[in-house]
Amino acid sequence: MHIVVCIKQVPDSAQIRVHPVTNTIMRQGVPSIVNPYDLFSLEEALRLRDRLGGAVTVVTMGPPSAVESLRKCLTYGADRAVLLTDRFFAGSDTLATSYALSKAIEKIGAAFCAPDIVFAGKQTIDGDTAQVGPGIARRLGLVQLTYIQKVVACDTAAGTLTVERRAEGGTQTLATRLPCLVTMLEGVNEIRRGTIQDALRAARAEIVTWSAAEAGIEDVTRCGLRGSPTVVKRVFAPPPRAEKAATVDVSGRPAADADALLDAVVARRPALATDLATLIAGY
Amino acid sequence: MSEKPAAPAPAAGRAAMKKELPEHFKAYRHVWVFVELERGHVHPVSWELIGEGRKLADKLGVELAGVVMGAPGAGTLEAAAEAFAYGADLVYLVEHETLGDYRNEPYAKALTDLVGTHKPEILLLGATTLGRDLAGAVATTLATGLTADCTELAVDADKSLAATRPTFGGSLLCTIYTLNFRPQMATVRPRVMAMPERREGRTGRVVPFTPDLEESAILTKLLSFMPDRTSAKNNLAHADVVVAGGLGLQSAENLQLVRRLAGAMGAEFGCSRPLVQKGWMPADRQIGQTGKTIRPKLYIAAGISGAIQHRVGVDGADTIVAINTDANAPIMAFAHLAIVTDAIRLLPALAEAVTRRFSPHSRDRIAG
Ligand SMILES: Cc1cc2nc3c(=O)[nH]c(=O)nc-3n(C[C@H](O)[C@H](O)[C@H](O)COP(=O)(O)OP(=O)(O)OC[C@H]3O[C@@H](n4cnc5c(N)ncnc54)[C@H](O)[C@@H]3O)c2cc1C
């Protein structure tokens, strides 16, 4: 069983600040982490490997510094890591990213062993598009199974996978054929700490690094900004409301302040008094 | 960019300049909305998008089409009729036995083939689990651009789709174009766009489309479907009054104060994203860009700074009340009413005051 897991190194979004004057993102000193959603997919891949044997390869496209995130995945127990890095990739949108990653996965298949399952994160915390996983699946001609909450069964002999998928309004149980691409839902498993042996191995491990050419990408115009059909035209701060928020005077006594606030609410929208009375009566 | 390492200058690629559209894209016209029909039920986001699509189509002077897919007779005709009532000019009716429950393979193939045959200029989908799963596959197959989770859609002076979404970081929006590829695709989350008016008796053309599908060729099989228990689902997206807490409340225990006030008001409760990340509240209570979009009559935000990803989830609220110790917090730029005070002290008092004033059981009730 060979499983490839796609991850992304992202800035720890909770710590990003926007410069109040220039409206630019202040990234200095912001630590990088493995995209948290990817870890649920990594954990699921490791569990399958532990149960069925085989190997887990993690892959990312990113700047050279992304080796740190790959190394982190090795400490969790991944067997091998591949970094796809090249200046041609800068500015990739989801279509260009899925192209580059799918090429790298094909190359991983040729260099090591064709994957039975490709995992990707549900989405990233910096882009939040949820498009790269499906994009890779399409490019590799794999069935895609997104929003998976449980891997029910994996039968390598029969080449089948059964999963529970979160759908609108319910849960689907789906069976499909390997190979396929899976994205896991958040919170569906608990990420392991990894053993001391894993940590030692990770510290020493050689991380395979490929340029675009080494990954077999002949047409670099399909990568980066040039390969991205979407274009960011304008970045701007949202306009404030025409009227500034009316401020309720504060006395310091919570009971009085609460009343003053309710007065102000009802003064602005008298109908809310009736709405609230109805809601409370019905509750 | 091939000569020089990329500086983060967004509009430097080839795609950044609008060129004369390639010949094979010139036939792409009209605005389409994918009508998300599952188990006989249309997701309301589809009607919200029909409302938005109507505006874009009128601006472009083209027709608005709904795309209805499903097994024959499984609510497809009803969905088409509703699409007309909400404003569609025509409906592409894609019926096939394999399109019963949603599966990516037959849906992606049918929608891709429909696009190839009838060529829309703009294709909109809801950013639901279904819509995102489908949009990603279709956009990649068509090798076109897809902008996720837009909060605003417009047609600019040279008739391109301008799709605006919050960007990475916390207080910025960006406008994204797909200039030289067709169709221009975007997803929009439920409740971001207003529900359009429904006009009884409004009709339009039905254009049937027979997809080339065969069950035996589809690798994925549905073994079972377990519907959610409706009682287990919260009503956050549709509540009239919502009370929410943010990091300013400082601890998981203090979130009780939010729950209690919501309980006293007969309201729903929610939170900002960091509280979900800390495990203080379940993910389905998160409000904002990556959580729920709400449109209540009254929204009370306690200890929430008002980052753009939060703001876009509450911009549709009629009255926004901010309880915050910082008079300069970003939320002050879009709240209607603000009280600069400690939410941890105010929330219990507010719960009491609400009960005192509005509860029908209280003797000294003042009705407005
Ligand atoms: C891609 C992406 C998607 C995101 N999606 C979402 C989303 O869907 N929803 C969302 O909410 N966020 C989202 N975020 C996060 C968002 O950018 C902010 O980080 C987040 O909204 C901040 O939460 P907060 O206001 O609770 O915390 P903070 O920004 O820490 O603000 C706390 C506020 O509480 C005030 N305060 C402190 N003490 C008190 C007190 N005792 N009483 C009253 N006020 C007090 C402070 O003045 C401050 O204004 C997203 C971020 C990214 C990058």
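The values are calculated or read from the model by the stated rules, or taken from the named source; none is laboratory data. No experiment lies behind these values; they were computed from the predicted model shown. Glycine gets a Cβ as well: all are built from the backbone with ideal geometry, and neighbour counts include every protein chain shown.
Conditions (1) away from chain A (no Cβ under 12 Å); (2) farther than 26 Å from B:Lys221 by Cβ, marked per residue:
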| residue | (1), (2) |
| --- | --- |
| B:Ala110 | yes, no |
| B:Asp113 | yes, no |
| B:Leu153 | yes, yes |
| B:Phe168 | no, yes |
| B:Thr175 | no, yes |
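Any idea which residue in segment B:228-261 is surrounded by the most Cβ atoms within 10 Å (Cβ to Cβ), counting only those that are near the ligand (Cβ under 10 Å from one of its atoms) and within 14 Å of another protein chain (Cβ to nearest Cβ)? Spell out the reasoning first.
Pass one, segment B:228-261, residues near the ligand (Cβ under 10 Å from one of its atoms): B:244-250, B:254.
From the residues that got through so far, the ones that are within 14 Å of another protein chain (Cβ to nearest Cβ) too are B:246-247.
Values: B:Gly246: 27, B:Leu247: 16.
The residue in question is B:Gly246.
Among A:Ala100, A:Ala114, A:Ala96, A:Ala78, which is touching a Ser or Thr at 6+ places or on another chain (Cβ under 8 Å), modelled with pLDDT of 95 or more and assigned to a loop (DSSP other than H, G, I, E, B)?
One residue alone meets the criteria, A:Ala78.
Can you find, within segment A:186-202, the residue that is surrounded by the most Cβ atoms within 10 Å (Cβ to Cβ) among those that are at pLDDT 95 or above and among the hydrophobic types (A, V, I, L, M, F, W, C)?
The residue in question is A:Ala202.
Out of B:Ile304, B:Ile287, B:Ile300, report the one residue that is at pLDDT 95 or above, in contact with a strand residue (DSSP E or B) (Cβ under 7 Å, 6 or more places away or on another chain), in the same structural domain as B:Pro348 (by TED's automatic domain parsing) and more than 27 Å from B:Arg356 (Cβ to Cβ).
The unique qualifying residue is B:Ile287.
Kindly provide the set of residues from segment A:121-165 that are in contact with a helix residue (DSSP H, G or I) (Cβ under 6 Å, 6 or more places away or on another chain), at the interface with another protein chain (Cβ under 7 Å from one of its Cβ atoms) and either free of Cβ contacts under 8 Å to residues at least 12 places away in the same chain or under 15 Å from B:Asp133 (Cβ atoms) (or both), ordered by number.
Correct list: A:Thr129, A:Ala130, A:Gln131, A:Pro134, A:Gly135, A:Arg138, A:Gln144, A:Thr146, A:Tyr147.
If you check every pair at least six apart or on different chains, which have Cβ atoms under 9 Å apart with a residue in segment B:161-173 that is near the ligand (Cβ under 10 Å from one of its atoms) first and a residue that is of a type in the set (Ser, Thr, Tyr) and modelled with pLDDT of 85 or more second?
Correct list of pairs: B:Arg165/B:Thr147; B:Arg165/B:Thr151; B:Arg165/B:Thr175; B:Pro166/B:Thr151; B:Gly170/B:Ser305.
Give all pairs with beta carbons closer than 7 Å in which a residue from segment B:86-107 that is assigned by TED's automatic domain parsing to the domain that holds B:Val207 and on the phi < 0 side of the Ramachandran plot meets a residue that is surrounded by fewer than 19 Cβ atoms within 10 Å (Cβ to Cβ) and among the acidic types (Asp, Glu); count only pairs at least 6 apart in sequence or on separate chains.
Here the result reads B:Asp89/B:Glu63; B:Leu90/B:Glu63; B:Glu97/B:Glu215; B:Thr98/B:Glu215, each pair linking segment B:86-107 to a residue that is surrounded by fewer than 19 Cβ atoms within 10 Å (Cβ to Cβ) and among the acidic types (Asp, Glu).
Are there any pairs, at least 6 apart or on different chains, whose C-beta atoms fall under 7 Å, with the first in segment B:301-312 and in contact (Cβ under 8 Å) with a residue 12 or more places away in the chain and the second in a loop (DSSP other than H, G, I, E, B) and among the aliphatic types (A, V, I, L, M), and if so, which?
B:Ser305/B:Ala329; B:Gly306/B:Ala329; B:His310/B:Ile304
Based on what the data block shows, is B:Pro282 within 15 Å of the ligand (Cβ to nearest atom), more than 26 Å from B:Ala194 (Cβ to Cβ) and facing chain A (nearest Cβ under 7 Å)?
When the stated conditions are applied, B:Pro282 does not pass them.
Can you tell me which of (1) more than 8 Å from every other protein chain (Cβ to nearest Cβ); (2) within 30 Å of B:Thr178 (Cα to Cα); (3) touching a residue at least 24 places away in the same chain (Cβ under 8 Å) is the one A:Ala199 doesn't meet?
Every listed condition holds for A:Ala199 apart from (2).
Just to verify a result, which residue in segment B:44-82, among those that are outside any helix (DSSP H, G or I) and not aliphatic (A, V, I, L, M), is modelled with the lowest pLDDT? Even if it seems obvious, please write down each step before you answer.
Here is the first cut: in segment B:44-82, the residues outside any helix (DSSP H, G or I) are B:61-75.
After this cut, where a residue has to be not aliphatic (A, V, I, L, M) as well, the list is B:61, B:63, B:66, B:70, B:72-73, B:75.
Working: B:Gly61: 97, B:Glu63: 98, B:Gly66: 98, B:Gly70: 98, B:Pro72: 96, B:Gly73: 91, B:Gly75: 96.
The extreme case among them is B:Gly73.
It is to be established whether one or more residues within segment B:337-353 are within 7 Å of chain A (Cβ to nearest Cβ), among the basic types (Lys, Arg) and within 13 Å of the ligand (Cβ to nearest atom).
The answer is yes, given that some residue of segment B:337-353 is within 7 Å of chain A (Cβ to nearest Cβ), among the basic types (Lys, Arg) and within 13 Å of the ligand (Cβ to nearest atom).
Could you tell me whether any residue of segment A:212-227 is over 22 Å from the mean Cα position of the chain (by Cα), more than 13 Å from every other protein chain (Cβ to nearest Cβ) and at positive phi?
Yes, segment A:212-227 has at least one match.
Out of (1) in contact with a Lys or Arg (Cβ under 9 Å, 6 or more places away or on another chain); (2) small (Gly, Ala, Ser); (3) near the ligand (Cβ under 8 Å from one of its atoms), what's the single condition that is false for B:Ser305?
It fails just one condition, (1).
Collect the residues in segment B:311-329 that are more than 8 Å from chain A (Cβ to nearest Cβ), more than 8 Å from the ligand (Cβ to nearest atom) and either charged (D, E, K, R) or more than 23 Å from B:Thr167 (Cβ to Cβ) (or both), keeping them in residue-number order.
Result: B:Asp315, single match.
Any residue at all in segment B:83-90 that's part of a loop (DSSP other than H, G, I, E, B), within 14 Å of another protein chain (Cβ to nearest Cβ) and surrounded by 24 or more Cβ atoms within 10 Å (Cβ to Cβ)?
no
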